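Undergrad: I'd like to ask you about the structure that follows.
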Amino acid sequence: MNDKHSTTDAAAAASDDCGCAPTAAESRAFWKNGSVSRRSAITLGALSVVALSAFGVSSGVTAAYAASYPSWDDVQNAMKNESAKASEVTRIEGLIQSLKQRVADAQAKAQLAGEEYNAAQLAYFDAIAVAEELQSQADAQAVVADDATTKAAQLAAQIYRNGGDDTALELFFAGSADNADELLSRLGTMDKVYQYNQTVHDNAVAARNSAQSLSDQAVVARTERDRLQQLAEQKMIEAQAAADAAQVALDEQSANLATMQAQLAALKSTTATTVASYKEGVRKAEEERKRREAAEAAAAAAGNGGGGGGGGTGGSAGTGGWVRPHGGHRSAGFGSRPRPCPACSAFHYGVDLANGCGAAIYAAHAGTVDYAGPNGNYGNYIRIQHGGGVASGYAHIRNGGFAVRNGSRVSAGQVIAYAGNTGASVGCHLHFEVYINGAYTNPITFLANRGISV
């Protein structure tokens, strides 16, 4: 499954599927050998730290704030007199508001960064199409030029075989005194031959010039495509840092909010309810939350993973370590389409699989998660690097539906998320994409070549 040759072959095969990936000479070092170089990894890591710091988050955030949170002993002591109680109430209310505001701010920044990442990614995808179209036109004009050149060469060869211009003139004038009309006819034919030869030559030159011009434009377009790819990757790093910052704030809220709300209730209570009762309530609520999440995850993995309505089974194995990423039927294919919603793209870069809200989404192949967060129109999104320049993307994940985080190592068929309706979506489904050296390819063909029907 992790054999280096198999992943390299996968990349090559996928490139053949669509012809949209950069050529070997154009592949950047970022994608070389299916992984980032040590120097690139250090650079990206440094960028992530810088970006994370820009969002006001560091690895010690929870510990830094923990010292300011009240303990149950603080609450118990404050309840001994009204003045201390009022002060503690004000303090806790401020902490709760601050905690909620930090989460809201971090999530807003993550959403904005995700939108910028999505815009950069789609601009890169558009640039791929432009470069491919220009190169296709250049190739077509080169064929026209070659055909015109061949015709001109054949005509020149024919004239040469006839003895050149002097011999041709002797043939035209032979017996001319006997038939002047025939001479004029021959002269007219000769003029047409020369005109045709000139036309063929002009067409060949024009086609060759057009082919060269289009080739030059294609080179410029590929340069712009590569620039946009680098920009998209940078935007992804920034978006991931923002998503990590939001997750840190959310984790902190999850760890402290319920306790502070219970503490606040205890301070405001006019009954004889003890602090111990409130503490017990917090404990039971936390246990219930964990039980509910575990039950939902088990139900989604066991009950919703299979296909329905004639669709396939999520997690079913193909060849080369690849599996079907989701159950259900194909609700949208790859390529041009009418816009299903105003914000939706007119070109569909992936395949949509519909298996119901909350249905499990599986890693299509073993690899490492290098993005998990908001991504504009894609909603909540995961990208997994599989090696050999091959990656896969999973979009429209439900809110709170991530089962893995950035940096997670996943195996083929592992549950990574749950289907939702986030982003530019018109119903719960998985939008699945495959990338070769960062460029999109047809995931339907890609998976079909690995024995998987979607």
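Undergrad: Condition test on residue 127, is it surrounded by 17 or more Cβ atoms within 10 Å (Cβ to Cβ) and modelled with pLDDT of 90 or more?
TA: Judged against the criteria, residue 127 is a match.
Undergrad: Would you please list the contacts, defined by Cβ atoms under 7 Å and residues six or more apart or on different chains, that run from a residue in segment 401-424 that is in contact (Cβ under 8 Å) with a residue 60 or more places away in the chain and over 23 Å from residue 313 (Cα atoms) to a residue that is buried (at least 18 other Cβ atoms within 10 Å of the Cβ) and of a type outside the set (Gly, Ala, Ser)?
TA: 405/369; 406/240; 406/244; 406/369; 406/370; 406/371; 424/377
Undergrad: Out of everything in segment 213-237 that is in contact (Cβ under 8 Å) with a residue 40 or more places away in the chain and open to solvent by 60 Å² or more (accessible area, probe 1.4 Å), what residue ends up being farthest from residue 289 (Cα to Cα)?
TA: My answer is 217.
Undergrad: Here is a follow-up. Residue 397 fails exactly one of the following numbered conditions: (1) free of Cβ contacts under 8 Å to residues at least 40 places away in the same chain; (2) within 27 Å of residue 127 (Cα to Cα); (3) assigned to a loop (DSSP other than H, G, I, E, B). What is the number of that condition?
TA: Unmet condition: (3).
Undergrad: A follow-up question, please. Got at least one residue in segment 437-449 being surrounded by fewer than 21 Cβ atoms within 10 Å (Cβ to Cβ) and in contact with a Leu (Cβ under 8 Å, 6 or more places away or on another chain)?
TA: There is no residue in segment 437-449 that is surrounded by fewer than 21 Cβ atoms within 10 Å (Cβ to Cβ) and in contact with a Leu (Cβ under 8 Å, 6 or more places away or on another chain).
Undergrad: Here are 97, 135, 141: which of them is modelled with pLDDT of 90 or more, surrounded by 14 or more Cβ atoms within 10 Å (Cβ to Cβ) and among the polar types (S, T, N, Q)?
TA: Sole residue among the options that is modelled with pLDDT of 90 or more, surrounded by 14 or more Cβ atoms within 10 Å (Cβ to Cβ) and among the polar types (S, T, N, Q): 135.
Undergrad: While we're here: Within segment 391-423, can you find the residues that are of a type in the set (A, V, I, L, M, F, W, C) and open to solvent by 20 Å² or more (accessible area, probe 1.4 Å)?
TA: 402, 403, 412, 415
Undergrad: Right, here's the next one. Considering only residues of segment 336-368 that are part of a strand (DSSP E or B) and open to solvent by less than 10 Å² (accessible area, probe 1.4 Å), which is modelled with the lowest pLDDT?
TA: 348
Undergrad: Follow-up question, since we're still on this one. Considering only residues that are over 20 Å from residue 328 (Cα atoms) and among the β-branched types (Val, Ile, Thr), which ones fall in segment 395-454?
TA: Once the filter is applied, which keeps residues that are over 20 Å from residue 328 (Cα atoms) and among the β-branched types (Val, Ile, Thr), segment 395-454 yields 404, 410, 436, 441.
Undergrad: Within segment 264-279, can you find the residues that are within 13 Å of residue 88 (Cβ to Cβ) and either of a type in the set (A, V, I, L, M, F, W, C) or at pLDDT 90 or above (or both)?
TA: 264, 265, 266, 267, 275 - these are the residues of segment 264-279 that are within 13 Å of residue 88 (Cβ to Cβ) and either of a type in the set (A, V, I, L, M, F, W, C) or at pLDDT 90 or above (or both).
Undergrad: Do we have any residue at all in segment 96-110 that's in contact with a helix residue (DSSP H, G or I) (Cβ under 6 Å, 6 or more places away or on another chain), polar (S, T, N, Q) and closer than 29 Å to residue 250 by Cα?
TA: Looking for residues that are in contact with a helix residue (DSSP H, G or I) (Cβ under 6 Å, 6 or more places away or on another chain), polar (S, T, N, Q) and closer than 29 Å to residue 250 by Cα, one finds at least one in segment 96-110, hence yes.
Undergrad: Next question. For segment 428-454, how many residues meet the condition of being in contact with a His (Cβ under 9 Å, 6 or more places away or on another chain) and closer than 17 Å to residue 340 by Cβ?
TA: 5
Undergrad: Okay, next question. Taking the condition of being more than 30 Å from residue 242 (Cβ to Cβ), in contact (Cβ under 8 Å) with a residue 60 or more places away in the chain and among the charged types (D, E, K, R), how many residues in segment 75-113 meet it?
TA: Selection size over segment 75-113: 2.
Undergrad: Another question, then. Among the residues of segment 415-423, is any under 11 Å from the mean Cα position of the chain (by Cα) and modelled with pLDDT of 95 or more?
TA: The answer is no; no qualifying residue exists.
The values are calculated or read from the model by the stated rules, or taken from the named source; none is laboratory data. Remember, it's a predicted structure, so these values are computed and weren't measured experimentally. Ideal geometry is used to build each Cβ from the backbone, glycine not excepted, and the neighbour counts take in all protein chains shown. Just so you know, the surface numbers come from the protein's heavy atoms only, side chains and all, with ligands and any DNA or RNA stripped out. Shrake-Rupley method; radii C 1.70, N 1.55, O 1.52, S 1.80 Å.
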